[in-house]
Amino acid sequence: MVNTDVYESKTMQLDPTDLKILQQLQENGRVSNQDLADNVFLSPSSCLRRVRLLEEAGVIHHYCAVVDATKVGLEVDAFVQVTMRRDVEQWHENFSKALLQWPEVIGSYIITGDANYLLRVRARNLKHYSSFVLERLYKTTGVLDIRSNIVLQTLKDTHQIDVALMKEGA
């Protein structure tokens with residue numbers, strides 16, 4: 001019998017005030033508790049209690065600064081589909097371990113379709129990207145095929161989740 005509990009995600013029930021807090025923190029993670037409380041019409045202590053509950057429940061995963069990659073010299077943004085050879089033992093474990101060592105990979109996903117993985121890769125330029133593909137990706141045991149899609153223009157790229165999607169029945 002398969003344990004389906006591991007596939008079910010436990011969701012926290014969010015009320016309208018929680019949603020307002022999440023919206024505010026997604027727009028400005030550095031907002032003071034006092035300003036956040038004022039914006040969501042709570043006392044500072046109630047607001048802080050709710051934020052801590054959201055953090056403890058894992059709804060708020062972490063806080064970070066979002067760096068503009070082009071302003072720090074990372075001009076190439078690519079999405080790379082990687083297909084693995086299934087006859088290689090522990091191909092998934094080996095690949096997963098290898099990609100954790102590659103700073104160029106800023107996102108990695110197991111996907112459906114013909115490929116096994118989708119990687120988001122940032123590089124200084126095409127020479128750097130080419131070196132990454134040839135010296136790291138292709139040399140990883142079990143890699144069968146790589147399909148690169150270089151981003152020409154970004155139309156939307158956000159880490160914010162619209163609170164409308166979080167509402168029950170949305």
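The values are calculated or read from the model by the stated rules, or taken from the named source; none is laboratory data. Everything numeric in this text was worked out from a predicted model, so none of it was measured. So basically every Cβ, Gly included, is an ideal-geometry build from the backbone, and we count neighbours across all protein chains shown.
Return the pairs, sorted by first residue and then second, in which the second residue is basic (Lys, Arg), the first residue lies in segment 21-37 and is over 16 Å from residue 65 (Cα atoms), the beta carbons are less than 7 Å apart, and the residues are 6+ apart or on different chains.
21/50
Within segment 104-113, can you find the residues that are assigned to a loop (DSSP other than H, G, I, E, B) and surrounded by 10 or more Cβ atoms within 10 Å (Cβ to Cβ)? Spell out how you get there, then give the answer.
Here is the first cut: in segment 104-113, the residues assigned to a loop (DSSP other than H, G, I, E, B) are 104, 111-113.
104, 111 - these are the residues of segment 104-113 that are assigned to a loop (DSSP other than H, G, I, E, B) and surrounded by 10 or more Cβ atoms within 10 Å (Cβ to Cβ).
Do we find that residue 78 is surrounded by 10 or more Cβ atoms within 10 Å (Cβ to Cβ) and either at pLDDT below 95 or not in a helix (DSSP H, G or I) (or both) in this structure?
Yes; evaluated as a whole, the condition is true for this residue.
Out of (1) in a loop (DSSP other than H, G, I, E, B); (2) farther than 29 Å from residue 153 by Cα; (3) under 18 Å from the mean Cα position of the chain (by Cα), the odd one out for residue 89 is which?
(3)
Where residues in segment 10-48 are outside any helix (DSSP H, G or I) and within 16 Å of residue 167 (Cα to Cα), which of them is modelled with the lowest pLDDT?
10
When you scan segment 92-110, do you find a residue that is more than 26 Å from residue 157 (Cβ to Cβ), among the aromatic types (Phe, Trp, Tyr) and without any contact (Cβ under 8 Å) to a residue 24 or more places away in the chain, even just one?
No - not one qualifying residue is present in segment 92-110.
Does at least one position in segment 86-104 carry a residue that is touching a strand residue (DSSP E or B) at 6+ places or on another chain (Cβ under 7 Å), under 28 Å from residue 147 (Cβ atoms) and small (Gly, Ala, Ser)?
Taking segment 86-104 first, the residues touching a strand residue (DSSP E or B) at 6+ places or on another chain (Cβ under 7 Å) are 91, 95, 99, 104.
Still in the list and also under 28 Å from residue 147 (Cβ atoms): 91, 95, 99, 104.
Applying the additional criterion that residues be small (Gly, Ala, Ser) yields none.
Within segment 86-104, not a single residue is touching a strand residue (DSSP E or B) at 6+ places or on another chain (Cβ under 7 Å), under 28 Å from residue 147 (Cβ atoms) and small (Gly, Ala, Ser).
Restricting attention to segment 114-142, and to residues there that are of a type in the set (Lys, Arg) and farther than 12 Å from residue 80 by Cβ, which single residue is surrounded by the most Cβ atoms within 10 Å (Cβ to Cβ)?
Out of the qualifying residues, it is 124.
If residue 71 satisfies all but one of (1) under 30 Å from residue 131 (Cβ atoms); (2) surrounded by 10 or more Cβ atoms within 10 Å (Cβ to Cβ); (3) at pLDDT 95 or above, what's the number of the condition it fails?
Here residue 71 meets the rest and fails (2).
Please determine whether any residue of segment 131-151 is in a loop (DSSP other than H, G, I, E, B) and under 27 Å from residue 60 (Cβ atoms).
For segment 131-151, residues in a loop (DSSP other than H, G, I, E, B) and under 27 Å from residue 60 (Cβ atoms): absent.
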